[in-house]
Amino acid sequence: MKFRTEIEVAPWQQKIEYGDTVVCLGSCFASNIGERLAERKFSVSINPTGILFNPASIASAVERIEAKKLVTTDDVFQSNDRWLSFDFHSSLSGTTLGEAVDVINSQIVSSNDLLKRANYLIITLGTAWVYRLSSSGKVVANCHKQPHSAFRRELLSVGEIVENLERIAACTRAHIVLTVSPIRHLGEGLADNSLSKALLRVAVEEFRKRHAERITYFPSYEIMLDDLRDYRFYGDDLVHPTKMAVDYITERFFEAALSSEAKQKMEEVTKIINATNHRAQNPHSEQHRLFCQKQLEAINRIKDIDLQKEREHFEQMLQINL
């Protein structure tokens, strides 16, 4: 008997290798995927412009990065002793006007280089709902808890979403991986959240068909909704996936996205990382000395992957063992 409807994820035609540079942008699920790639020592940049939810704001951020268009003092405002920008997440802010501008511009400059080098751009779309400033009509990336009267709420059409995805594609030669966030936006209401996700999914498919050779869709939304449909896979807020759920979705991602060589290297890297986190009962024993030497030999066999932190750990443990 079957008790689950598992989602079939076809292996990608173009596979991620350890030498590739990956940039993750979008909702907090982009951070989830990026963090798990980083944990396994892939070269990855995780939401360099902060968490972004809607396609219009993601497209604007990518265009700004590609053009290296820096913000000015006119682009930030003060709220509750912080200086913020409507174009960026609150993680890119400052206690002074100058600090906020410097923090944001530093990210733009460093992200420009990353975007140029990126082999893969993983984008997670969170919502088709946008908020426009009533004063200018400009779509904001984050309302920063400003009064509701300062904005008007609007639902992007499929055509508008596709247009924003085209803007992103025009800024990079990287292979683009699109996914719809499995995180529900209950603040929009369940009905509006469902409408939003449906529009995103239709738009992504239309966009993928236009650029089939350089666009891949990963069904994280479908895996969460149909495969992991039980509430035990959601956190206490009944919105965000649990660590177990994110780990499961990431495993499915790795199965489809990584080359055979990358999977083998990842297994070796994971063993070393687990060994690094191991706490010896007796760090002065001969057994532990041999264990550390074995890990250093394994690190020496792995080329082109930054395991310096792990190397230093085992070298330090050998010093303790003397």
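Connecting C-alpha atoms closer than 10 Å in a GNM of the chain, tell me which of GLU205, GLU255, GLU297 has the biggest fluctuation.
GLU297
With θ taken as phi - 60° and the coefficients 6.51, -1.76 and 1.60, list the Karplus ³J(HN,Hα) couplings across the stretch 173-185 in order, rounded to whole Hz; mark glycine and proline as x.
In residue order, the calculated couplings are 9, 5, 6, 9, 10, 10, 8, 9, 4, x, 7, 7, 9 Hz.
With contacts defined as alpha carbon pairs under 8 Å and 6 or more residues apart, what's the relative contact order of the chain in percent? If you can, show how the numbers build up before the last one.
Values: 498 pairs, mean separation 61.4, N = 322.
Relative CO of the chain lands at 19 percent.
Across the stretch 78-94, in residue order, what do the Karplus-derived ³J(HN,Hα) couplings come to in whole Hz, using 6.51 cos²θ - 1.76 cosθ + 1.60 with θ = phi - 60° and x for Gly and Pro?
9, 8, 6, 6, 10, 9, 10, 10, 5, 8, 9, 5, 5, 5, 9, 8, x
Before rounding to the nearest 500, sum -39500 (n - 2.57) across all DSSP H runs of length at least 4 in the chain and divide by the residue total; then give [θ] at 222 nm in deg cm²/dmol.
Working: 9 runs with 142 residues, N = 322.
My calculation for the chain gives -14500 deg cm²/dmol from helical runs alone.
Please give every one of the lysines within straight-line cross-link reach of LYS209, meaning a C-alpha to C-alpha distance under 25 Å, and leave out same-chain neighbours fewer than 8 residues apart.
Straight-line reach from LYS209, under 25 Å: LYS15, LYS116, LYS197.
Contour minus end-to-end for ASP237 and GLU17, with contour as 0.36 nm per residue of separation and end-to-end as the Cα-Cα distance? Mind showing how you got there, number by number?
On the way: separation 220, 0.36 × 220 = 79.20 nm, distance 3.58 nm.
Extra length from ASP237 to GLU17 when fully extended: 75.6 nm.
Quick one: if the Förster radius is 35 Å, what FRET efficiency do ASP81 and LEU190 give, using the C-beta to C-beta distance and rounding to 0.05?
On the way: r = 35 Å, r/R0 = 1.01.
Rounded to the nearest 0.05, the efficiency is 0.50.
Most fluctuating residue of GLN295, GLN308, GLN264 in a GNM of the chain with Cα springs under 10 Å: which is it?
Between GLN295, GLN308, GLN264, it is GLN308 that shows the largest mean-square fluctuation.
Report relative contact order for the stretch 145-233 in percent, whole number only (criteria: Cα-Cα under 8 Å, sequence separation at least 6). Could you put the intermediate results ahead of the total?
Values: 59 pairs, mean separation 34.4, N = 89.
39 percent.
Round to the nearest 0.05 the FRET efficiency obtained for GLU205 and HIS278 when R0 = 51 Å and r is the Cβ-Cβ distance.
Details: r = 45 Å, r/R0 = 0.89.
The computed FRET efficiency comes out at 0.65.
Where does the stretch 21-258 land on Rg/Rh, using Cα atoms and the Kirkwood Rh? List each step's numbers first, then the result.
Values: Rg = 17.3 Å, Rh = 18.2 Å.
Answer for the stretch 21-258: 0.95.
List the lysines whose alpha-carbon lies under 17 Å from that of LYS303, not counting same-chain residues fewer than 8 positions away?
By straight Cα distance, LYS303 reaches LYS41, LYS263, LYS265, LYS271, LYS294.
Of the candidates PHE218, PHE291, PHE207, which one comes out as most mobile in a Gaussian network treatment of the chain with C-alpha springs shorter than 10 Å?
Looking only at PHE218, PHE291, PHE207, the largest GNM fluctuation is found for PHE291.
Could you work out how far the C-alpha centroid of the stretch 237-276 sits from that of the stretch 283-315, in angstrom?
Spelled out, the Cα-based centre of one part sits 22 Å from the other.
For ARG4 and ILE320, calculate 0.36 nm times their separation in residues minus their Cα-Cα distance, and state this gained length in nm to one decimal. Write out the running numbers ahead of the final one.
On the way: separation 316, 0.36 × 316 = 113.76 nm, distance 5.03 nm.
Result for the pair: 108.7 nm of gain on full extension.
Take every DSSP beta bridge with both residues inside the chain and express the antiparallel ones as a percent of the total, to the nearest 5.
Working: 12 of 31 bridges.
The antiparallel proportion sits near 40 percent.
Could you line up ILE51, ILE302 from fewest to most neighbouring Cβ atoms inside 10 Å? Mind dumping the intermediate values first?
Numbers: ILE51 21, ILE302 16.
Placing the least packed residue first, the sequence is ILE302, ILE51.
Throughout, read-outs are computed from the coordinates displayed, never taken from laboratory work. This one's a predicted model, so the numbers in the text were calculated from it and none came from an experiment. Glycine also receives a Cβ, built like all others from the backbone with ideal geometry; neighbour counts cover every protein chain displayed.
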